[in-house]
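What follows is a short report on a single structure.
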Amino acid sequence: MARIGVFVCWCGSNIAGTVDVAKVTEEAKKVPGVVTAVDYKYMCSDPGQNSLRNMIKEQKLTGVVLAACSPHMHENTFRKAAVKEGLNPYFVEIANIREQVSWVHEDKERATQKAVDLMKMMVEKVKRDRPIEDVRVPLNKKALVIGGGISGIQAALDIANGGVEVLLVEKEPSIGGRMIQLDETFPTLDCSSCIMTPKMVEVNQHPNIKLYTYSEVEDVSGYIGNFKVKIKKKARSVVEKDCTGCGDCWNACPMHKNVKSEFNMNLSERTAIYVPFPQAVPLVPVLDRSVCLHFKKGGKCVKCYEACGPKCIDFDIKDEIIEETVGAIVASTGYDLMDNSLYGEYGYGKYKDVVSGLQFERLLSASGPTEGVIKRPSDGTTPQTIVFIQCVGSRDPEKGVPYCSKVCCMYTAKHAKLFAHKVHGSQSYVFYIDIRATSKGYEEFVRGTMEQDGAVYLRGRVSRIYEDEGKLIVKGADTLSGNQVEIAADMVVLATGVIPKKGSDKVAQMLGISYDKYGFFTESHPKLRPAESSTAGIYLAGMAQGPRDIPESVVSGSAAASKILGLFSKNEYEVEGTIASVNEATCVACFYCQRVCGFSAISRKEIKDRSGKVIKVVASVNPGLCTGCGACVNACFSKSIDVKGFMDDQIYAEIKSLAI
Amino acid sequence: MEDKKEGTVKSEGNNVSDPRIIAFVCNWCTYSGADLAGTSRMKYSDNVRVIKLPCSGRIDPLFIIEAFKKGAKGVLVSGCHPGDCHYISGNYHSRRKYAAFRDLLGFLGVDLNRIEFSWISASEGNKWVSVINEFTDKIKSLNDNSSDIFKK
């Protein structure tokens, strides 16, 4: 038999001023199952909590209802107090008579009536509460980081330095991501390779980091603490442990004119067996089978094999699948640039000297195709005039994307500055919409480009670019002076909009995390949980979440790492017990619940007899994944699944208590 | 409110001018929005009784029928805005169910003015106030005091 106690809080005059608390208490005593009802000035105070505890003890209460402030306020307080007297915390229910009664209504009689109704409703609910145990999920203390750019590297290093084993998976032959493609970085002009390569080497040498380059995560299943991952290690055709990175193989490769270097943004060529750049980590080449003559021409060409001293080239190596179990995952898959050919009027792809921002980075870089000397891709001459166009694709809801790519204002200012430093007497023009330079030292940096380095900033758009006698004629508007301008330039650099890495939507689907309409991963909360994805145990970092600069990417990598180290500081992960559960006796295995579950928390479970024969298949809820939303409950035709704490019979009893 | 009846607690609160309204709301957005109306000391019609659920996706259409059967003159369903669901997609399930369920309610003879669906976020205390007030006024204006809600 239920023994319910009702506690009506005055909250000083906050409740008692509008609600007749004595009347609510009297009405409570009339409800079947209620053995005691009292009112008190401040239930949340120590004496208030003590009276609750004493009453639970003395009256042997099986459940309590607090008619008080919102459950979002003090539900936990009262649950904790109840637990101290041995009551299951979920036998505490709150009737919200402050936020939703006394503070919003004025007529005392009617407010009292409403308070009584809400109190009765909760008495009916608490009578039907069942004990709920919080679920403990064991944690495999190993982390997976997907993407070896700066944010992934930072996350991997921080986790590894915290003493936890990390698997770092990178699709490309080397880690380093976009940052290692950059020349010098704003606003301090420190060279990207100089600050990046030590970190890359640290990753490679770290005893807690297992590095998988030229590899992709193929499949992820499971839940927080217990993700099963399959990593595909693509056939490199080179035995990594024997390779010395000497370069004899790629020097011997006859394919040195036809394959564009992805790393140099197609501004130079590479061989079929190659390292993307000299500081690659690991410094082990990859044989690109799609272009290698050995594979294209039936095994004839073996030049690299012959050249290799340690004989570590193996044409028979196959893709390898590695299976691992990890407790947490960081998704840091990075970004791409938009397709410039959307803007036909700028002539990208048509005129060789119209390049993207990343291509210009490669032209500036000492490890780039021109060894850091700025040369026109068309004829190799040094440009004297460069026009930079910002917001190509960004902030353009009509043709591109509506969002701001955030880094372009700064890198364009850097480009113009470095151009002025490298080519004395040169002139740059920058077409912009607004200048967004909001971090530490950024505004000063842009001002410096304008005032010391003489870049001419023109507020307006470019309408057309065409070639005339070896010059690129740039026609645009200067909206501040109201004039049309025409500039004869040697080169044009487009600050192209940033988009999520190609295939990141597939990664999100594989991981079961949400992403926005552009494909950027969405945070669990945009402000308060910026490192967490919508799925427990999966964290986000870097540009995969949206445009950001290097310091922000590093911060986000560290944030994801600290979340994981925090998670792993315990041996088990505690999940609230208010999750779905299946009545296996009545489940008919239609799996409608599985279809509506947004968290992939429902799986098939086979029930076997003693001889091991399957006698029934039922739905099964994975407590590590279930969030207790209850969508499955409504999808179930046989009423075999219910959410603890919000069971059907409880809701119907609540409705019934309101009957008139 | 102007037509307040004297008498016991039980008998009060369900005629044309004082209809009982039941609101099924999600815990994260609408319930918090209603709390915000409280902390902001906004005032609204006291006819509504709120039943809290984890997510609008948990709101079974049968709850709504049950509410009408138990004398509610109007039922409100409210959850997070599309895209804001705490459980990613619960409110989409809710929206789709609602679209199909409305027709069924009409078939059952319920005046469709008696059911309302809204998105109210945790920051929209003012929207909660206006939704409740407008819905209450609408139910009152139906001026139908028949005891059987399942007939036209």
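Data table
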| item | result |
| --- | --- |
| Failed criterion for B:G83 (all others in (1) surrounded by 15 or more Cβ atoms within 10 Å (Cβ to Cβ); (2) within 9 Å of chain A (Cβ to nearest Cβ) hold) | (1) |
| Residues of the stretch A:4-50 that turn out to be over 18 Å from A:R98 (Cα atoms) and surrounded by fewer than 16 Cβ atoms within 10 Å (Cβ to Cβ), as a count | 8 |
| Answer residue from the stretch A:450-491, given it is among the acidic types (D, E) and within 17 Å of A:A413 (Cα to Cα) and is surrounded by the fewest Cβ atoms within 10 Å (Cβ to Cβ) among those | A:E451 |
| A:V92 being under 30 Å from A:I209 (Cβ atoms), in contact with a Gly (Cβ under 9 Å, 6 or more places away or on another chain) and away from chain B (no Cβ under 14 Å) | no |
| Enumeration of residues in the stretch B:115-136 that are part of a helix (DSSP H, G or I) and open to solvent by 10 Å² or more (accessible area, probe 1.4 Å) | B:N126, B:K127, B:V129, B:S130, B:V131, B:N133, B:E134 |
| Members of the stretch B:123-149 that are of a type in the set (D, E, K, R) and more than 17 Å from B:G79 (Cβ to Cβ) | B:E134, B:D137, B:K138, B:K140, B:D144, B:D148 |
| Matching residues in the stretch A:622-651 - criterion: being over 28 Å from the mean Cα position of the chain (by Cα) and aliphatic (A, V, I, L, M) | A:V633, A:A635, A:I641, A:V643, A:M647, A:I651 |
| Some residue of the stretch A:389-401 being closer than 19 Å to A:T496 by Cα, part of a helix (DSSP H, G or I) and among the charged types (D, E, K, R) | no |
| Residue satisfying condition, being assigned to a loop (DSSP other than H, G, I, E, B), farther than 20 Å from A:R178 by Cβ and more than 14 Å from chain B (Cβ to nearest Cβ), within set A:G476, A:G448, A:G519, A:G454 | A:G454 |
| Unmet criterion (only one of (1) in contact with an Asp or Glu (Cβ under 6 Å, 6 or more places away or on another chain); (2) farther than 18 Å from A:S556 by Cα; (3) crowded, with 20+ Cβ neighbours inside 10 Å) for A:C191 | (3) |
| Hits in the stretch A:521-535 (condition: touching a strand residue (DSSP E or B) at 6+ places or on another chain (Cβ under 7 Å), crowded, with 20+ Cβ neighbours inside 10 Å and not acidic (D, E)) | A:F521, A:A531, A:S533 |
| Residue within the stretch A:343-365 that is open to solvent by 20 Å² or more (accessible area, probe 1.4 Å), acidic (D, E), farther than 30 Å from A:P254 by Cβ and not assigned by TED's automatic domain parsing to the domain that holds A:D478 present | no |
| Residue tally, condition of a type in the set (A, V, I, L, M, F, W, C), open to solvent by 20 Å² or more (accessible area, probe 1.4 Å) and within 27 Å of A:S394 (Cβ to Cβ), over the stretch A:544-575 | 4 |
| Count of residues meeting criterion [in contact (Cβ under 8 Å) with a residue 24 or more places away in the chain and at the interface with another protein chain (Cβ under 8 Å from one of its Cβ atoms)] in the stretch A:110-126 | 5 |
| Residues of the stretch B:31-74 satisfying the condition of being out of contact with any helix residue (DSSP H, G or I) (no Cβ under 7 Å at 6 or more places or on another chain) and more than 7 Å from every other protein chain (Cβ to nearest Cβ) | B:Y31, B:L62, B:I64, B:I65, B:F68, B:K69, B:A72 |
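The values are calculated or read from the model by the stated rules, or taken from the named source; none is laboratory data. From a predicted model like this one, the values you see are computed outputs, not experimental measurements. Please note: Cβ atoms are built from the backbone with ideal geometry, for glycine as well, and neighbour counts cover all protein chains shown. To get the accessible areas, we keep the full protein, side chains included, count just its heavy atoms, and leave off ligands, DNA and RNA. Shrake-Rupley method; radii C 1.70, N 1.55, O 1.52, S 1.80 Å.
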